[in-house]
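The values are calculated or read from the model by the stated rules, or taken from the named source; none is laboratory data. What you see is a predicted model; the values in this text were computed from it and never measured. Cβ placement follows ideal geometry from the backbone for every residue including glycine, while neighbour counts extend to all protein chains displayed.
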Amino acid sequence: MPSPRQRLHPADRRAQLLSVGARLFAEHPYEDVLMEEVAGQAGVSRALLYRHFSSKHELFAAVYQEAADRLLTETRLDPADSLLDQIVQGMDVHLDYFIANRNAVLAANRVLAGDPVIQTIMNGELDALRARLLTVLDLADETTRAAVSAVVRAWLVFVQVLVVDWLTEETCSRAALRDVFVGSLLGALQPLLPAHVAAAALPPVRPGAPAPE
């Protein structure tokens with residue numbers, strides 16, 4: 001049901017439009033979301049909507065950037081926690097978002113897969129996650145750091161690809177998917193990490209096994 005029209009500060013109006021856009025992009029495939037529907041749900045004219053966002057693509061990009069920023073904020077990487085706990089927490093945050101926003105994630109990774117704006121947003125989040133993970137690892141030297149950085153980057157791309165496939169066809173449970181991601185990263189990092197760090201994180205979580213409390 002469309003919202004009644006009301007005057008808002010430009011920043012508040014933009015936030016409202018982003019909220020409506022995020023909901024519609026989550027509920028419907030990208031091609032089925034119409035700017036007219038966004039305007040109607042927000043209780044504004046199409047002219048006002050287009051003053052904030054010149055196209056559906058621009059609105060989607062802003063929605064996806066906001067989501068990426070929020071995911072980075074909610075992903076807690078704290079050296080006080082074990083490596084395993086940090087990876088599990090980060091994966092839970094991301095999987096919760098991916099599942100709740102399936103249509104938006106598929107749009108970004110398939111419908112708009114070649115779009116430079118969307119790719120910049122996704123690459124920016126991947127680079128930020130990699131940099132933050134590197135800061136919490138106890139790495140002895142730059143050579144080790146470079147090797148770990150390459151592994152983490154490749155793992156993040158692996159997660160991205162497998163999540164899109166899983167959202168298209170759920171071939172395993174959410175818990176099993178998370179454990180695959182956690183175990184694959186820990187296994188790949190084990191030869192590169194100091195013994196005390198690897199020992200604290202391993203053995204990897206077994207598929208279907210509960211995460212440590």
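Only one of these is within 30 Å of Pro194 (Cβ to Cβ) and part of a helix (DSSP H, G or I): Asp92, Asp96. Name it.
Asp92
Report yes if some residue within the range 165-182 is of a type in the set (Phe, Trp, Tyr) and surrounded by fewer than 17 Cβ atoms within 10 Å (Cβ to Cβ); otherwise report no.
Looking for residues that are of a type in the set (Phe, Trp, Tyr) and surrounded by fewer than 17 Cβ atoms within 10 Å (Cβ to Cβ), one finds none in the range 165-182, hence no.
I'd like the full set of residues that are under 19 Å from Phe98 (Cβ atoms) and either among the β-branched types (Val, Ile, Thr) or at pLDDT 90 or above (or both), limited to the range 128-151.
Those that are under 19 Å from Phe98 (Cβ atoms) and either among the β-branched types (Val, Ile, Thr) or at pLDDT 90 or above (or both): Ala128, Leu129, Arg130.
Just give me the residues in the range 41-65 being in contact with a Lys or Arg (Cβ under 9 Å, 6 or more places away or on another chain) and touching a residue at least 24 places away in the same chain (Cβ under 8 Å), in sequence order.
Once the filter is applied, which keeps residues that are in contact with a Lys or Arg (Cβ under 9 Å, 6 or more places away or on another chain) and touching a residue at least 24 places away in the same chain (Cβ under 8 Å), the range 41-65 yields Gln41, Ala42, Gly43, Val44, Leu48, His52, Phe53, Ala62.
More than 19 Å from Ala108 (Cβ to Cβ) and acidic (Asp, Glu), is that true of Glu36?
So Glu36 passes the test.
Can you name every residue in the range 9-60 that is over 24 Å from the mean Cα position of the chain (by Cα) and either closer than 19 Å to Phe98 by Cβ or of a type in the set (Val, Ile, Thr) (or both)?
Val44
Look through Asp78, Asp32 and report the one residue that is among the acidic types (Asp, Glu) and within 30 Å of Leu129 (Cα to Cα).
From the options Asp78, Asp32, the qualifying one is Asp78.
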